[in-house]
1. Just to be sure I follow the rule: in the chain, considering lysines 8 or more places apart or on different chains, how many pairs have Cα atoms under 18 Å apart?
2. Just want to confirm a number: the relative contact order over the chain, from Cα pairs under 8 angstrom separated by 6+ residues, in percent.
3. Taking only Cα atoms, what is the 0 to 90° angle, nearest 10, from helix 65-75's long axis to the longest principal axis of the chain?
4. Once the Cα atoms of helix 10-20 and of the chain are each reduced to a long axis, what angle between those two axes, in degrees from 0 to 90 to the nearest 10, is obtained?
5. Taking the number of other C-beta atoms within 10 Å as the exposure measure, put Met98, Met13, Met109 in order starting with the fewest.
6. Starting from the Cα of Glu19, step 7 Å toward the Cβ, then list every residue of the stretch 33-74 with an amide N under 15 Å from that point.
7. How high is the FRET efficiency between Leu76 and Val101 when r is their beta carbon distance and R₀ equals 30 Å, given to the nearest 0.05?
Amino acid sequence: MSAIIITKNTELMQRVIDEIKTCFDPEIPVDVWELGLIYELNLNDDSDLQVVMTLTSPNCPAAESLPAEIEGKLKLLPGIKSVELKLTFEPSWTKEMMSEVAQLELGFM
């Protein structure tokens, strides 16, 4: 599964994705983008960014720190006016949501 990306500004959205790729689940040595934890990115014409994401499990030890880290980094990104991060567990994350890069890195392929 790959994230749903809604925007007209592809250059700014690529910078958003690049910034997200600097965030790692502390228990898994792969960034949250490649893990498939980002479900949706929506950047409107006013540069307000909405992020819908999940965690590997509802009991994830990084449940408070990881979303806050992502939101904080994105708020500092030049060109972004505001960031709203929504945490969801529907659908539940599965290892099939990982990119091929992540699956190779973790030895699933």
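Values quoted throughout were computed directly from the atomic coordinates according to the rules given, and no laboratory measurement underlies them. Just so we're clear, the structure is a prediction, and the values are computed from it rather than from any experiment. All Cβ positions, glycine included, derive from the backbone under ideal geometry; neighbour counts span all protein chains shown.
1. Numbers: Lys8/Lys81; Lys21/Lys73; Lys21/Lys75; Lys21/Lys86; Lys21/Lys95; Lys73/Lys81; Lys73/Lys86; Lys75/Lys86.
Pairs that pass both the separation and distance tests number 8.
2. Numbers: 166 pairs, mean separation 33.3, N = 109.
Once normalised by length, the contact order is 31 percent.
3. 30 degrees
4. It is inclined by approximately 40 degrees.
5. With the sparsest Cβ surroundings first, the list reads Met109, Met13, Met98.
6. Answer for the stretch 33-74: 33, 41-44, 46-52, 67-74.
7. Values: r = 26 Å, r/R0 = 0.85.
Computed FRET efficiency for Leu76 and Val101: 0.70.
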